[in-house]
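J.: Input: one structure, supplied below.
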Amino acid sequence: MKYWLMKSEPDVFGIADLEGCPGKTEPWDGVRNYQVRNMMRDEMKKGDLAFFYHSNCKQPGIAGIMKIVREGYPDHTAFDSKEKYFDPKSDSQNPRWYMVDVQHVRTLKRIITLNELKSHRELSDLPLVRRGNRLSVMPISKTHWNFILSLE
DNA sequence: GCCAACGTTGGC
DNA sequence: GCCAACGTTGGC
């Protein structure tokens, strides 16, 4: 089983929104980055756990835990010209973009802030705190995962 | 294949 | 709103 971190802007879709979805489950759609696409299509497996990270907001940080409940399948929002994430170069015959379904597991007792994550030497090689990293999905080692949870 | 221009991300 | 650090696009 693998561990992940996935970013979302809470003003658009936050941890509380995921918890409010039917079955607390929702497709993680709208990813339009090839590296992230490859991870979602090829590497994420059912049962993997992921941190829900709040980005581009007042208090960026880890807000909760979710579980991958459906493995990579075509992101149909790319096919629809009315969708925000429409991509004319993707179609159902030859889909360019993929998504997974995620389910809310639990909301953390508090946000573990980016500031705090940066302050721990143990996390100095966590991709999230490395300079210039803009990937919206990244793998997390088991060691880092456990350490971060111990901060809660 | 190079690289300038442009678009996006996301912390601050 | 600023801007650094990317990623993507497209002319050549």
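The values are calculated or read from the model by the stated rules, or taken from the named source; none is laboratory data. Predicted model only: the values in this text are computed from it and were never measured. Ideal geometry is used to build each Cβ from the backbone, glycine not excepted, and the neighbour counts take in all protein chains shown. Just so you know, the surface numbers come from the protein's heavy atoms only, side chains and all, with ligands and any DNA or RNA stripped out. Shrake-Rupley method; radii C 1.70, N 1.55, O 1.52, S 1.80 Å.
J.: With n ≥ 4 as the cut-off for DSSP H runs, can you work out [θ] at 222 nm for chain A, using -39500 (n - 2.57) per run divided by the number of residues, rounded to the nearest 500?
T.: For chain A, the value works out to -4500 deg cm²/dmol.
J.: Further question: What ranking of A:Thr107, A:Thr25, A:Thr77, A:Thr143 comes out by heavy-atom accessible area, probe 1.4 Å, highest first?
T.: From most exposed to least exposed: A:Thr143, A:Thr107, A:Thr25, A:Thr77.
J.: Which percent of the accessible area of chain A is formed by carbon and sulfur heavy atoms (probe 1.4 angstrom)?
T.: Carbon with sulfur: 46 percent of the solvent-accessible area.
J.: Solvent-accessible area of A:Asp29, probe 1.4 Å, all protein chains present, reported in Å² to the nearest ten, please.
T.: Near enough 70 Å² of accessible area.
J.: Compute the length gained on full extension between A:Gln93 and A:Glu152: take 0.36 nm times their separation in residues and subtract their Cα-Cα distance, giving the result in nm to one decimal.
T.: Difference between extended and current length: 16.7 nm.
J.: Normalising by the residue count of region A:56-122, find the relative contact order in percent from Cα pairs under 8 Å and 6+ residues apart.
T.: For region A:56-122, the relative contact order is 44 percent.
J.: If region A:1-140 were replaced by its equivalent ellipsoid, with semi-axes equal to the square roots of 5 times the Cα gyration tensor eigenvalues, what would those be, largest first, whole Å?
T.: Over the Cα atoms of region A:1-140, the semi-axes work out to 25, 17, 15 Å.
J.: Per residue, what accessible area does chain A have, given a 1.4 Å probe and all protein chains present, in Å²?
T.: So chain A comes to 55 Å² accessible per residue, rounded to a whole number.
J.: Angle, helix A:142-151 long axis vs. longest principal axis of chain A, Cα atoms, 0 to 90°, nearest 10?
T.: 60 degrees
J.: While we're here: Suppose every K and R has +1 on its Cβ and every D and E has -1 on its Cβ; what is the size of the dipole of region A:47-152 about the Cα centre, in Debye to the nearest 20?
T.: 440 debye
J.: Let me check something: with ligands and nucleic acids excluded, how do A:Leu18, A:Leu135 order by accessible area (1.4 Å probe), largest to smallest?
T.: Most to least solvent-accessible, the answer reads A:Leu135, A:Leu18.
J.: Oh, and also: Between A:Asp11 and A:Asp125, how high is the FRET efficiency from 1/(1 + (r/R0)^6) when r is the Cβ-Cβ distance and R₀ = 22 Å? Nearest 0.05.
T.: That pair, A:Asp11 with A:Asp125, gives E of 0.15.
J.: Something else about it: Just the number, please: percent antiparallel of the DSSP beta bridges in chain A, rounded to the nearest 5.
T.: In chain A, approximately 80 percent of DSSP beta bridges are antiparallel ones.
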